[in-house]
Amino acid sequence: MISIPDAEAGHVYLVGAGPGDPALLTLRAAHLLKTADVILPDDLVSDEILALSSPTALIIPVGKRCGQPRITQAGIHELLLEHSSNGSSVVRLKSGDPLVFGRAAEEIAFLREHAIPFEIVPGITAAFAVAATLETPLTDRTRASKLILATAHHAAGKLSLTPSWSGAFPNEATLVIYMPGRHFEALAQDLIASGIPPTTPCTAVSKASTPNERIHTTTLATLASADVGPAPVILLIGPAIAQQTSQQPAG
Ligand code: SAH
């Protein structure tokens, strides 16, 4: 028997909810959900996961793109302070892992500044869930010695990776692009200009680990016209992805 401590009064927990399937939560995350007084979920957190919280918990969605008035990061900070200083235990629930493209730095700095006790609970990041779905190792002894988790910059409506990247992309790398946007033409051009061959395979996965998951396999050259399905979408690009797709049985 393992004993997992309950959520403590006045504490904040930055918890990773994983990619969507409740079975992919950690035991720690599930127990905190069950015992916390207040839950502040991002919009990517599934209803099935929220259903694991206590029936008496106060759930305040703080997603920033639900079509409701946008809550600001400062607004989220205020909620963390208000509820923890009232003596509630607070779970700040983020999709995937809280420390991967989760804007956790601001929240950690705020919690430290206000001397609010906190704990970070890792979760399965989308890249790892997608790799499992595709049965694709992200690293490979002969084809992919590096794994790059990246996001593109959305500047002036154009999507670009290169502002954050000086020089060519390394060879033998798997590149995972979070929040790839919808304008793949600029992204593909950018990657090809950085030295990635246009024939490099690219797999887009929409709504991974949910019943509506969609997988679309293409190449960089044809990514611009790919129909990848609704958000959230993640892109996996690289020779190790090639190895997997070429081994898939036909039919
Ligand atoms: N902290 C999260 C990432 C948040 S950024 C994590 O570790 O997974 C949000 C981006 O993550 C989305 O735009 C998408 O690129 C990716 N993502 C998250 N969940 C996903 C899912 N179920 N399927 C596909 N992509 C997902």
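The values are calculated or read from the model by the stated rules, or taken from the named source; none is laboratory data. It should be emphasised that the depicted structure is a prediction, and the values quoted were computed from it without experimental measurement. Cβ placement follows ideal geometry from the backbone for every residue including glycine, while neighbour counts extend to all protein chains displayed. Heavy atoms of the whole protein, side chains included, go into the accessibility calculation; ligands, DNA and RNA do not. Shrake-Rupley method; radii C 1.70, N 1.55, O 1.52, S 1.80 Å.
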Task: Helix 73-85 vs. the chain, principal-axis angle (Cα, 0 to 90°, nearest 10) - done: 30 degrees
- [ ] Using only Cα atoms, find the angle between the long axis of helix 184-193 and the longest principal axis of the chain, and express it within 0 to 90 degrees, rounded to the nearest 10.
- [x] 60 degrees
Task: region 83-152 pair-distance distribution - Cα-Cα, 5 Å bins, rounded % - done: 3, 12, 18, 20, 14, 10, 9, 7, 4, 2, 0
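Suppose R0 equals 30 Å. What FRET efficiency, 1/(1 + (r/R0)^6) with r the Cβ-Cβ distance, do Ala221 and Lys146 give to the nearest 0.05? Could you put the intermediate results ahead of the total?
Working: r = 22 Å, r/R0 = 0.75.
Efficiency at R0 = 30 Å is approximately 0.85.
Fully extended, how many nm does the chain gain between Ala23 and Arg70 (0.36 nm per residue separation, minus their Cα-Cα distance)? Intermediate values should be presented prior to the final figure.
On the way: separation 47, 0.36 × 47 = 16.92 nm, distance 2.99 nm.
Between Ala23 and Arg70, full extension yields 13.9 nm more.
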Open item on the list: So the label point goes 7 Å from the Cα of Ala109 along Cα→C-beta, right? Which residues of region 67-96 then have their backbone N under 16 Å from it?
Closed with: 73-78
Task: Degrees between helix 104-113 axis and first principal axis of the chain (Cα, 0 to 90, nearest 10) - done: 30 degrees
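Given a 1.4 Å probe, how much area per residue of region 12-121 is accessible, in Å²? If you can, show how the numbers build up before the last one.
Working: 5060 Å² over 110 residues.
So region 12-121 comes to 46 Å² accessible per residue, rounded to a whole number.
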TODO: List the residues of region 178-200 whose backbone N lies under 18 Å from a point placed 7 Å from the Cα of Asn171 along the Cα-to-Cβ direction.
DONE: 192-200
Task: Paramagnetic reach from Met1 (point 7 Å along Cα→Cβ, amide N under 16 Å) across region 15-51 - done: none
